[in-house]
Amino acid sequence: MHYTASPGASAKNISTYFASLAQQVGKGRYASAHYSVDRTSIYNSLPDDELAYHCGSETYTKEALAHLGTYPNNSTVGIEMCIEKDGSIHEDTFNNTVDLTAYLIQERGFPNVFFTHKEVVGWKECPLPWIKAPEEYERFKRAVDSKLNPLEEKVVTEDEDNMNKVLDYAQWTWNELDQYIGDAYNDNIIDEWAWVEKVRKKKLTYGELLMLKVLIDERRRKKAK
Ligand SMILES: [Zn+2]
């Protein structure tokens, strides 16, 4: 993960620049990245499996050597995030980068592993906005995770939370519930007094009520046959 370090430059500007470097004859400057992202566009400068010169260095961090091998340029996809005139990464650029990386992981089979330029080489302050505010980098990784597992993140936990919540019924509803569970107990549909007690103490949860209703209705139906 990189930033362009060129305030106001668009993804198109950056990819055009990389393309111009490719036209150099002889000993030129080697620099490129696979993708450049801004508020409105994502530019792809070379195939994912072609080496880009985006994180070369004389030395690498231990972490990079352990996970990316001795020549990280050869094992990584380089992504440049464009910055605004004030040097910040726009929220739309942030979101486009989330979309791009989630796509690379989901559709192209890359692992869900991120390295900033700094995490690879140790000395380069790139991407600077994330070096200054590491929580933004963390927010980015979380956003990619929830993009990859939308259900896991939202619906399931919400449901589970509700299931474990004690019913916040009005008194008359508790009375009706008391009647319903009490009847089931008296009719030998359920044989644990603890459920009746739980209702009287107003300690029953949504999940328990759901389970009891299914159980009671099912047993009453069987008894009626
Ligand atoms: Zn960089």
Just the residues that are part of a loop (DSSP other than H, G, I, E, B), of a type in the set (A, V, I, L, M, F, W, C) and within 15 Å of the ligand (Cβ to nearest atom), please, taken from the range 32-91. Ala33, Ala52, Cys55, Val77, Cys82, Ile83, Ile89
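Would you confirm, using the coordinates I've provided, whether Ala5 is in contact with a strand residue (DSSP E or B) (Cβ under 7 Å, 6 or more places away or on another chain) and among the aliphatic types (A, V, I, L, M)? Talk me through it step by step, then tell me what you get.
Values: in contact with a strand residue (DSSP E or B) (Cβ under 7 Å, 6 or more places away or on another chain): no; among the aliphatic types (A, V, I, L, M): yes.
Considered against the rule, which asks whether it is in contact with a strand residue (DSSP E or B) (Cβ under 7 Å, 6 or more places away or on another chain) and among the aliphatic types (A, V, I, L, M), Ala5 comes out as no.
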Helices (runs of 4 or more DSSP H) wholly inside the range 113-225 that include at least 2 residues being within 20 Å of the chain's Cα centre (by Cα): 128-132, 134-148, 157-163
Here the residues within the range 104-147 that are open to solvent by less than 50 Å² (accessible area, probe 1.4 Å), in contact with a helix residue (DSSP H, G or I) (Cβ under 7 Å, 6 or more places away or on another chain) and more than 16 Å from the ligand (Cβ to nearest atom) are Ile105, Ala143, Val144, Ser146
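Would you check if Ala19 is among the aliphatic types (A, V, I, L, M), part of a loop (DSSP other than H, G, I, E, B) and open to solvent by less than 60 Å² (accessible area, probe 1.4 Å)?
It is false that Ala19 is among the aliphatic types (A, V, I, L, M), part of a loop (DSSP other than H, G, I, E, B) and open to solvent by less than 60 Å² (accessible area, probe 1.4 Å).
The values are calculated or read from the model by the stated rules, or taken from the named source; none is laboratory data. Note that the coordinates shown come from a computational prediction; the quantities given were computed from them, not determined experimentally. Don't worry about glycine lacking a Cβ; one is built from the backbone with ideal geometry, like all the others, and counts go over all protein chains shown. Only protein heavy atoms, including side chains, enter the accessible area calculation; ligands, DNA and RNA are left aside. Shrake-Rupley method; radii C 1.70, N 1.55, O 1.52, S 1.80 Å.
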